[in-house]
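Please read the structure below before turning to the comments.
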Amino acid sequence: MSAEKPSPLQLDADKKQTVSYCIPIWLRDEQIKLASERVKARIQPHYELRKDPCAIVCFGPSLNDTWEKVKDFEHIFSCSGSHKFLLEHGIVPEFHVEVDPRAHKVALIGSPHKDVEYLIASTCHPAVFDLLEGYKVTLWHVFDNAEDGLRTLPRGEWALTGGCGVGLRAMTIARFFGFTDQHIFGMDGNSGPTGRHAAPHPSQAKGDHFTEYMGVKYRTTPAFLEAARMTFHELNQMPDVKATFYGEGLVQAMAKNYKPEPIAAGKALIGFNKPELISAEFKELNARLHRENLAYGVGGGKEAPTVLKLAEQLKTKSILDYGCGKGYLAKAIPFPIWEYDPAIPGKEESPRPADLVICADVLEHIEPDKLQVVLDDLRRCVKQVGYFVIHTGPAQKVYADGRNTHLTQQSRAWWEKKLSKFFEVGKIFEVGPELHVIVGPKQKPTAPTTPATPEVNV
């Protein structure tokens, strides 16, 4: 007799579920750009811990049984459809959190309230921002990892981690605001008498899966189950947070068996800040020098023969000129290349990774206290090969404040040691006072680069 095969609708509560992002990544990135231009206020961390409790109210079916207890809390974070639900029950949340990039969230939010601060992720659909026009909106950014965030995040702004559901993100935001005594409502991970949510949902698909946990069967979905599992991973990232779960559901059952996994002090990451690559003062000094000295920033073209040779060898599909100046390399190359320079209008947008990255006559100009973050950014950009040209001596030009434009004048040995922290350094040859360096991605970093990125750790 053959063993009975499990139903294809049966999910293993102990295994990671396969979930995917709900819109194309390029569309998410475009929505981030639009939101960042539209909203001025930005989320900021609260470094001092708060003793007063907060309620985080999700939209699971158990909210119907527990909502009256929410009245006991002064500080309330609503999520998704719980905003409309709470307002209809006479409860005004202090904050409302949204992260979903789809337009259906508008119907779930319902009518905005003047006393609510809307913490809206930059990923959210433009229709959400239309709905909240004229209300108090604070923008925040959400990324699952620093790599993705450092590629897309506007500089100087905070991104928060926190799992695959808005409730988990709200828990992270609450901790970002200093709340360590968190009370969680409506975070179930399963369907109930009212379906997957406490009230009608505009995109509630039909067809539940099911899973069994501690002898109890729950109707759920792969996304719900994975969010339930990740709840406790995220709590491990916030070891000083005490979370109390209300109601009956899969998450609440898992919480009863949750045993924190110790994380070394200062290693639990809940947010990070994309560092500035150039100070405002130095940016203006460079911009001024570009405007007033037509011979400044025009040397890129002389590297064109080497670039063409490397491109042919690599069969590269993308080239980035990092610190392009006036763009003379692009003028000398018979095909389009990407350009980045923070001092050149129209070319200051955060650079994208490329197969071949050119950084010629740039690194010696970087402010010494910014050199590490610039090299870390270059590390992010170099997909296959980097070609760096570095001058080791003084320049003929000076900035308006009297400083030589080569702010870092160091030896070959110094530069090789510095570069090796971020790259696999290949060929180095000298042409007069110039170093020509071929680098590749570092396979196994021997030194962490994260100190270049300000973080909020707990």
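The values are calculated or read from the model by the stated rules, or taken from the named source; none is laboratory data. All figures in this text were calculated on a predicted structure; none of them were measured in a lab. All Cβ positions, glycine included, derive from the backbone under ideal geometry; neighbour counts span all protein chains shown.
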Scan the stretch 116-126 and tell me whether some residue there is at pLDDT below 95, among the polar types (S, T, N, Q), assigned to a loop (DSSP other than H, G, I, E, B) and assigned by TED's automatic domain parsing to the domain that holds GLY249. yes
Of (1) in a loop (DSSP other than H, G, I, E, B); (2) surrounded by 19 or more Cβ atoms within 10 Å (Cβ to Cβ), GLY346 satisfies every one except (2)
Single match in ASP72, ASP100 (criterion: over 27 Å from the mean Cα position of the chain (by Cα) and either closer than 22 Å to PHE143 by Cβ or in the same structural domain as TRP140 (by TED's automatic domain parsing) (or both)): ASP72
If a residue has to be closer than 12 Å to PHE335 by Cβ and in a helix (DSSP H, G or I) to count, how many in the stretch 295-322 make the cut? 5
Since GLU276 meets every condition but one in (1) closer than 26 Å to LYS417 by Cβ; (2) in a helix (DSSP H, G or I); (3) charged (D, E, K, R), which condition does it not meet? (2)
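Would you point out which residue out of ILE173, ILE120 is closer than 19 Å to ALA55 by Cβ and surrounded by 22 or more Cβ atoms within 10 Å (Cβ to Cβ)?
Working: ILE120 fails: closer than 19 Å to ALA55 by Cβ.
Step by step, each of ILE173, ILE120 is checked, and only ILE173 is closer than 19 Å to ALA55 by Cβ and surrounded by 22 or more Cβ atoms within 10 Å (Cβ to Cβ).
So which residues in the stretch 14-41 are among the hydrophobic types (A, V, I, L, M, F, W, C), at pLDDT 85 or above and in a helix (DSSP H, G or I), if there are any at all?
Result: TRP26, LEU27, ILE32, LEU34, ALA35.
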Please indicate, with yes or no, whether at least one residue in the stretch 194-214 is modelled with pLDDT under 90 and closer than 28 Å to LEU269 by Cβ. no
Looking at the stretch 367-412 only, could you name the residues that are within 25 Å of the chain's Cα centre (by Cα), surrounded by fewer than 20 Cβ atoms within 10 Å (Cβ to Cβ) and aliphatic (A, V, I, L, M)? LEU371
Scope the stretch 63-74; condition over 14 Å from THR244 (Cα atoms) and assigned to a loop (DSSP other than H, G, I, E, B); matching residues: GLU74
Does at least one position in the stretch 417-435 carry a residue that is under 22 Å from the mean Cα position of the chain (by Cα), modelled with pLDDT under 95 and assigned to a strand (DSSP E or B)? no
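Residues in the stretch 86-111 that are touching a Phe, Trp or Tyr at 6+ places or on another chain (Cβ under 8 Å) and crowded, with 23+ Cβ neighbours inside 10 Å: how many?
Applying the first criterion (touching a Phe, Trp or Tyr at 6+ places or on another chain (Cβ under 8 Å)) to the stretch 86-111 yields 86, 89, 91, 93-98, 108.
So of that shortlist, the ones also crowded, with 23+ Cβ neighbours inside 10 Å come out as 86, 93, 96-98, 108.
Adding up the residues that qualify gives 6.
Can we say ILE278 is among the β-branched types (Val, Ile, Thr) and either out of contact with any Ser or Thr (no Cβ under 6 Å at 6 or more places or on another chain) or closer than 19 Å to ALA395 by Cβ (or both)? Full working, then the answer.
Details: among the β-branched types (Val, Ile, Thr): yes; either out of contact with any Ser or Thr (no Cβ under 6 Å at 6 or more places or on another chain) or closer than 19 Å to ALA395 by Cβ (or both): yes.
In short, yes.
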So which residues in the stretch 244-264 are in a loop (DSSP other than H, G, I, E, B), in contact (Cβ under 8 Å) with a residue 12 or more places away in the chain, of a type outside the set (Asp, Glu) and surrounded by fewer than 17 Cβ atoms within 10 Å (Cβ to Cβ), if there are any at all? ASN257, TYR258, PRO260, PRO262, ILE263
Answer yes or no: is there a residue in the stretch 390-412 that is in contact with a Phe, Trp or Tyr (Cβ under 9 Å, 6 or more places away or on another chain) and over 28 Å from ARG291 (Cα atoms). no
